[in-house]
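Every read-out reported here was derived from the displayed coordinates using simple, explicitly stated rules and does not represent laboratory data. Computed from a predicted structure; not experimentally measured. A quick note on method: Cβ atoms are made from the backbone with ideal geometry, for glycine too, and the neighbour counts reach across all protein chains shown.
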Amino acid sequence: MDGNDPGTEGGQALKSEKTALELAFRSAGACAWGCLRWEEIAPHMEPAGRERVAERCPQVRSLLCAAFPYASGGERAERISRYAWGEDYHTALRRRLEQAAEALKQNGMADSYACWADVSPFPEVYAAARAGLGKRGRNGLLITKEAGSYVFLGFVTTDGDFPSTAGDIEPCMGCGACIRACPGGALREEGVFPERCLSALTQKRGLLTPSQEALVQKGGLIWGCDRCQTCCPENPGRGAAPLPEFDREEPRLSPEDLALGDKAFRKKYAGKAFVWRGVQPLRRNAALLNEEQEHPKGD
Ligand code: SF4
Ligand code: SF4
């Protein structure tokens, strides 16, 4: 018998830690979760990233990884990438991660923790795939069984001693549809080239180069891009129900909205993820797409 045997004291503790993790993350709305021991992820991080963790969570032992569903598939996005429809995911994720971490603290599983929602120091998709939350897609995204790639990833570092769920990383089926569908040429056989990704390009402030403008026109959205998700056969038609703060209709930005001054626009759409760069990139992108509709290539 060893510590994993449920008949032993160690086995019981392991079982209760797993149950506590499940309860905490399920109640916080996650559709998948797992844990890496700190020594399993630290060697895969930059020294500066490890320092950031040490500052916020000096006694770190475990990295808890969780996926939160924000859409249930289908072809609905027209102008705004679906991740940005509801509440800004930074705020929502922070709240939900805090809820899970606090529950673990309250039941004595951890004394300290730090929550990480976006701009985290971890190789996020690698960590989540290694912890068993889903497959690693060639589109650079994590693909969960529960909600496909329509998930936000969040992380908690803690001094709590949780059992590892690490396993071999499972790759997606590798059909290459995302590489063929990518309007920016950001996905290639060699990997992901973020500087060509429309998700980043549509958020860029100021003027774009003529070739960048052409990419925005090719992508067809004024904010973000969903092509490498909508074309993926591993994405379910209907996945786990999105969390309520993300389950909203796509905001329809009218010409009047886009003509608003920056302050008025930020006020009207406060709390949305597409607001953080102000109205200018959206106005510019919409003008480019209108131009494309009025003068389609080849006319
Ligand atoms: S989001 Fe769009 S541009 Fe970026 S990698 Fe996916 S398909 Fe390509
Ligand atoms: S489209 Fe195909 S290659 Fe791309 S992530 Fe999905 S399964 Fe993998």
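By a straight-distance test (C-alpha under 19 Å), which aspartates and glutamates pair with residue 272 as possible cross-link partners, with residues fewer than eight away in the same chain excluded?
78, 87, 88, 118, 226, 245, 247, 249, 250, 256, 257, 262
Along the Cα→Cβ direction, 7 angstrom out, place labels at residue 40 and residue 119. What is the inter-label distance in nm?
2.9
Using the Kirkwood formula on the Cα atoms of the chain, what hydrodynamic radius do you get, in angstrom to one decimal?
Values: mean 1/r = 0.0485 Å⁻¹.
When all Cα pairs of the chain are included, the Kirkwood radius is 20.6 Å.
Give the cross-link partners of residue 105 among the aspartates and glutamates, using a straight C-alpha distance below 15 Å as the criterion and excluding same-chain residues fewer than 8 apart.
Cα-Cα hits under 15 Å: 17, 22, 159, 161.
With contacts defined as alpha carbon pairs under 8 Å and 6 or more residues apart, what's the relative contact order of the range 82-182 in percent?
Numbers: 121 pairs, mean separation 30.9, N = 101.
Reported as a whole number, the value is 31 percent.
Measure out, as a whole number of angstrom, how far apart the alpha-carbon centroids of the range 222-299 and the range 142-164 sit.
So the separation of the two Cα centres works out to 27 Å.
May I ask you to order 238-244, 94-100 by the average number of other C-beta atoms within 10 Å around their residues, highest value first?
Working: 238-244: 17.7, 94-100: 19.6.
So the order, starting with the most tightly packed, is 94-100, 238-244.
Kindly rank 279-286, 254-261 from highest to lowest mean number of other beta carbons found within 10 Å of each residue. Please report the intermediate quantities before stating the final value.
Working: 279-286: 20.4, 254-261: 12.0.
Output ranking for 279-286, 254-261: 279-286, 254-261.
Evaluate 2.2 N^0.38 Å with N set to the residue count of the range 14-158, then give the Cα radius of gyration divided by it. Working shown, then result.
Values: Rg = 15.0 Å, N = 145, 2.2 N^0.38 = 14.6 Å.
Relative to the rule-of-thumb radius for its length, the range 14-158 sits at 1.03.
Residue-wise, which Karplus ³J(HN,Hα) couplings in Hz belong to the range 156-167, taking 6.51 cos²θ - 1.76 cosθ + 1.60, θ = phi - 60°, and x for glycine or proline?
Ordered by residue, 3J(HN,Hα) equals 10, 9, 8, 7, x, 9, 9, x, 5, 10, 5, x Hz.
Under a 5 Å amide H to amide H cut-off, with H placed in plane at 1.01 Å, what residues pair with residue 32 once short-range neighbours are removed?
67
How much net charge surrounds residue 120 when only other residues with a Cβ under 14 Å from its Cβ are counted (Lys, Arg +1; Asp, Glu -1)? Write out the running numbers ahead of the final one.
On the way: positive: 50, 52, 56, 94; negative: 46, 51, 55, 118, 124.
With Lys, Arg at +1 and Asp, Glu at -1, the net is -1.
Looking at the chain, which Cys residues are left with no other cysteine's beta carbon under 4.7 Å from theirs?
31, 35, 57, 65, 115, 172, 175, 182, 197, 225, 231, 232
Using Cα-Cα distances under 8 Å and only pairs 6 or more residues apart, what relative contact order does the chain have, in percent? Spell out each step's value before the answer.
Values: 550 pairs, mean separation 70.1, N = 299.
Relative contact order of the chain: 23 percent.
What does the charge dipole of the chain about its Cα centre add up to, to the nearest 20 debye, if the Cβ of each Lys and Arg holds +1 and the Cβ of each Asp and Glu holds -1? Spell out each step's value before the answer.
Working: 39 positive and 41 negative charges, 168 e Å.
I would put it at about 800 debye.
Using a 10 angstrom cutoff on alpha carbons, build the Gaussian network for the chain and name the most mobile of 237, 140, 148.
Among 237, 140, 148, the largest GNM mean-square fluctuation belongs to 237.
How high is the FRET efficiency between residue 276 and residue 27 when r is their beta carbon distance and R₀ equals 25 Å, given to the nearest 0.05? Mind dumping the intermediate values first?
On the way: r = 29 Å, r/R0 = 1.16.
That gives a FRET efficiency of 0.30.
Over the range 14-158, what is the relative contact order in percent, taking alpha-carbon pairs closer than 8 angstrom and at least six residues apart?
36
With runs of 4+ DSSP H residues as the only contributors, calculate the mean residue ellipticity of the chain at 222 nm using -39,500 (n - 2.57) per run, divided by the residue total and rounded to the nearest 500.
Values: 12 runs with 107 residues, N = 299.
The helix contribution divided over the chain gives -10000 deg cm²/dmol.
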